[in-house]
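Following: one structure in structure tokens, then a few remarks.
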Amino acid sequence: MPNSKDLLEQLLLRYEGITSSHTRKGELCLSGIVQIKETWFTIKLICPKFPKLEEMHLSVQQSIKVETFTETYTEIEANWNVFDLIENLPKLMNKNGIQKQNLITDAQQLELQQNIYTEIAILSKSDDFEIELNEAFTLIRFSKFNQQEQHFLELSLPSLQITKHSLPDCINWETLFQNFFTLNSLLEQFRKYLEELHEFYDNFVDIDELCHVLQPRSPSTKDNWRLFLLREHVFLKLVITDPFAPISSMSLKILGPTEDVEQLRRTYSEGLCNWDAEMDIHKNLLRIFDLCFFPMRPGIDGELTDGAVEEQQFCNICYCYHLDDGDIPLISCDNRQCTMIYHAVCLREWFNTLSDGKTFLKVSFGNCPFCKATLSTSFVELIKN
Ligand SMILES: [Zn+2]
Ligand SMILES: [Zn+2]
């Protein structure tokens, strides 16, 4: 009897348009498109007891019709598993009288569109956001949301597929926005998420304003991490993996010369016990590292105009500053007299040529290309992909 992991693999192989993910509660979620008996279905199946159907919740979209099913639906037989369920989608949808409406008539299509444009007309009276439409009326953009100025949402019409948005990239929004079929309900949900993300964004406000953030190059509402200066040659990388639960999902990596990192890591793990839930991440970090403030961006009042870039120190391997992906040289060796700094990618290449370079628990060890002193760093933390 194959276990559920093998069965899931089999299922994903058989139905290539389906992907698996987990809900925030940790239940298995299968979503995507399948073709059964020459009919296409878009499905979203939450299946906590996979491959069994107990406690499952299925939504199916066929053409413009959407139906939801649970295991108690009469047509679903007690001995079915997920495979039977998918193969029987045509039967389930037929029972609900879909067959007759398999083809949307022009009139129905028109009605569907008219509904959306009626909605737009009503929504455009709202003061809570701005609406822009393209000339062909195939794209709509909501922006300038009350109190959340930088956010926007762009949808294609009349399908209501999200084409662009300002929400954090680390979340699979496609699945979260899958089951909305009116403009208003989708927009409501978007604004609800903005509310829920308040704490996440608030935690970055002081870091962006009061710290010398080096990466991302210009942080946006889509970024869930910051890399900023702690002191010379030492950087903190803050990552929030679940923007809906910023504090419990945050992690902090310390990057810099080996000795500094070891000592600061101890300070940080000891300080974590006294985390003050009343204060934001920025203030807690100041407390933990016993600082009044983090080093600020050089320039007048922390302002940095594009022309007057801070004293940029080039990478001593490639002699550049910004690489194509925005990476800047940050890594220095353990020799305090040596002032050379390097890009993570350049250094990784250099380490690869070393016979005695090694990686242990995500930290790579080698020598400084310039002074040959030891140098340790975590490429995993610094290099995307
Ligand atoms: Zn370089
Ligand atoms: Zn060196």
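The values are calculated or read from the model by the stated rules, or taken from the named source; none is laboratory data. Only a predicted model underlies this, so the values are computations on that prediction, with no experimental measurement involved. No Cβ is skipped: glycine too gets one built from the backbone with ideal geometry, and neighbour counts run over all protein chains shown. Protein only, heavy atoms only, side chains kept; ligands, DNA and RNA dropped before computing areas. Shrake-Rupley method; radii C 1.70, N 1.55, O 1.52, S 1.80 Å.
Computed from Cα atoms alone, the Kirkwood hydrodynamic radius reported for the range 4-101 is 13.6 Å. Pairs of alpha carbons in the chain separated by more than 26 Å make up 66% of all such pairs.
Projecting the Cα positions of Phe293, His233, Ile281 onto the charge dipole of the range 197-308 (unit charges on Cβ atoms of Lys, Arg, Asp and Glu, taken about the Cα centre) puts His233 furthest along the positive direction. Using a probe of 1.4 angstrom and keeping all protein chains present, the accessible surface of the chain works out to 57 square angstrom per residue.
About its Cα centre, the dipole of the range 4-101 is roughly 280 debye, where the only charges are +1 on Lys and Arg Cβ and -1 on Asp and Glu Cβ. Ordered by solvent-accessible area of protein heavy atoms (1.4 Å probe), largest first, the residues His198, His282 come out as His198, His282. Taking every alpha-carbon pair within the range 113-196, the share separated by more than 16 Å comes to 48 percent. Close amide H pairs (under 5 Å, H built 1.01 Å from N) link Glu71 with Glu55, Met56, residues at least 5 positions away or on another chain. Using only side-chain charges placed at the Cβ, +1 for Lys and Arg and -1 for Asp and Glu, the dipole size of the range 312-385 relative to its Cα centre rounds to 220 debye. Placing unit charges on each Cβ (+1 for Lys and Arg, -1 for Asp and Glu) gives the chain a dipole about its Cα centre, and among Tyr319, Ile116, Phe137 the Cα reaching farthest toward its positive end belongs to Tyr319.
For the chain, a crude dipole built from +1 on the beta carbon of Lys and Arg and -1 on the beta carbon of Asp and Glu, taken about the Cα centre, is about 980 debye to the nearest 20.
Restriction of the chymotrypsin sites (Phe, Trp or Tyr not before Pro) in the range 1-85 to DSSP coil positions whose beta-carbon has at most 15 other beta-carbons within 10 angstrom yields Tyr73. Note on the range 312-385: along the principal axes its Cα atoms extend 32, 29, 19 Å, ordered by decreasing extent. The apolar share of the surface of the range 162-248, taken as the fraction of accessible area on carbon and sulfur atoms (1.4 Å probe, ligands and nucleic acids excluded), comes to 48 percent. Within the range 310-385, the GluC sites (Glu not before Pro) that combine a DSSP coil assignment with at most 10 other C-beta atoms in a 10 angstrom radius are Glu311.
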